[in-house]
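The values are calculated or read from the model by the stated rules, or taken from the named source; none is laboratory data. As the structure is a prediction and not an experimental result, all values here were calculated from the model. Heads up: the accessible areas ignore ligands, DNA and RNA and are worked out on the full protein's heavy atoms, side chains in. Shrake-Rupley method; radii C 1.70, N 1.55, O 1.52, S 1.80 Å.
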Amino acid sequence: GNGKVTRGHRHGNGKRLDGDSHIFVAVRPRPLTTQELAKGSWACVEVRQNRVSLQDPRDLVSKDPLHRTRATHFELDAVFPPEADQGRVFEATSSRIIRSIINGKNGTIFAYGATGSGKTYTMAGTAPNPGVIP
């Protein structure tokens with residue numbers, strides 16, 4: 001919370017946990033809905049390169065000149081802006097796992113997040129915009 005970057009379990013990009021295990025962590029926040037925009041909502045997630053920042057609403061309204069940000073920053077293996085297309089997300093996340101599976105390795109692709117956060121869209125997609133799972 002104090003503006004520091006948290007580098008929790010950043011083991012992707014070929015870094016081994018133990019044995020042949022690899023974890024690759026990626027995030028793509030969903031865009032605000034039309035209803036959220038109409039209500040004046042703002043995006044609390046900011047994306048820059050491989051870094052995601054979670055903004056605190058109190059940062060926007062504080063008039064205290066000594067106010068310290070409560071934003072939290074995370075560095076991940078891949079961070080995509082909300083407008084990133086499915087193909088880009090697939091290439092950076094799922095394509096490497098699928099190649100490993102074809103070569104006889106075990107692999108898992110899963111999405112985690114709150115209801116309405118875009119998991120089904122990212123995984124399954126739509127007919128014109130297929131998701132990351134084959």
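A full extension of the chain between Arg99 and Ala71 corresponds to an added length of 6.4 nm, given 0.36 nm per residue minus the alpha carbon distance.
Taking square-rooted eigenvalues a ≥ b ≥ c of the alpha carbon gyration tensor, is segment 74-120 rounded, prolate or oblate, where a/c under 1.5 means rounded and, failing that, a/b exceeding b/c means prolate? Prolate, because a/c is 1.5 or more and a/b exceeds b/c. When a 1.4 Å probe is rolled over the protein heavy atoms, the share of accessible surface on segment 26-68 that falls to carbon and sulfur comes to 56 percent.
Summed over the residues of segment 61-134 and divided among them, the accessible surface reaches 70 Å² per residue at a probe radius of 1.4 Å.
For Asp85, the solvent-accessible surface with a 1.4 Å probe is about 90 Å², rounded to the nearest 10. Couplings 3J(HN,Hα) of segment 109-121, computed from phi: 10, 9, 10, 10, x, 5, 4, x, 8, x, 4, 5, 4 Hz, in residue order, whole Hz [Karplus 6.51 cos²θ - 1.76 cosθ + 1.60, θ = phi - 60°; x for Gly and Pro].
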